[in-house]
1. Hey, any hits in the range 31-43 for a residue that's open to solvent by 80 Å² or more (accessible area, probe 1.4 Å), touching a strand residue (DSSP E or B) at 6+ places or on another chain (Cβ under 6 Å) and without any contact (Cβ under 8 Å) to a residue 40 or more places away in the chain?
2. Using the structure shown, decide if Arg4 is of a type outside the set (Ser, Thr, Tyr), open to solvent by 80 Å² or more (accessible area, probe 1.4 Å) and either assigned to a loop (DSSP other than H, G, I, E, B) or at pLDDT below 95 (or both).
3. Could you tell me which residue of the range 12-22 is nearest to Phe50 (Cα to Cα), considering only residues that are hydrophobic (A, V, I, L, M, F, W, C) and surrounded by 13 or more Cβ atoms within 10 Å (Cβ to Cβ)?
4. With respect to Thr28, is the statement that it is polar (S, T, N, Q) and in a helix (DSSP H, G or I) true?
Amino acid sequence: MNKRELIETVASNAQITKKEADAVVNATLDAIIDGLAKEGKVIIPGFGSFEVRNKTAREGRNPRT
């Protein structure tokens, strides 16, 4: 499911317009992003948890050489 499909599903389930559903989905995603930026972790019971992780850089290779 992509963002467009999520908006359509929210609109049909909540019986609202797609424009209103777009605003709801964007507000939700913005709240999750802000929570990650401030606290580094967002937990939504029954849905999932989101966490900022730092990964070490990997060494790339040039396939031509």
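The values are calculated or read from the model by the stated rules, or taken from the named source; none is laboratory data. Not measured: the values here are computed from a predicted model. With ideal geometry, Cβ positions are generated from the backbone for all residues, glycine too; neighbour counts draw on all protein chains shown. Just the protein is used for accessible areas: all its heavy atoms, side chains included, with ligands, DNA and RNA removed. Shrake-Rupley method; radii C 1.70, N 1.55, O 1.52, S 1.80 Å.
1. Yes: the range 31-43 contains one or more residues that are open to solvent by 80 Å² or more (accessible area, probe 1.4 Å), touching a strand residue (DSSP E or B) at 6+ places or on another chain (Cβ under 6 Å) and without any contact (Cβ under 8 Å) to a residue 40 or more places away in the chain.
2. Judged against the criteria, Arg4 is not a match.
3. Ala21
4. Answer is yes for this residue.
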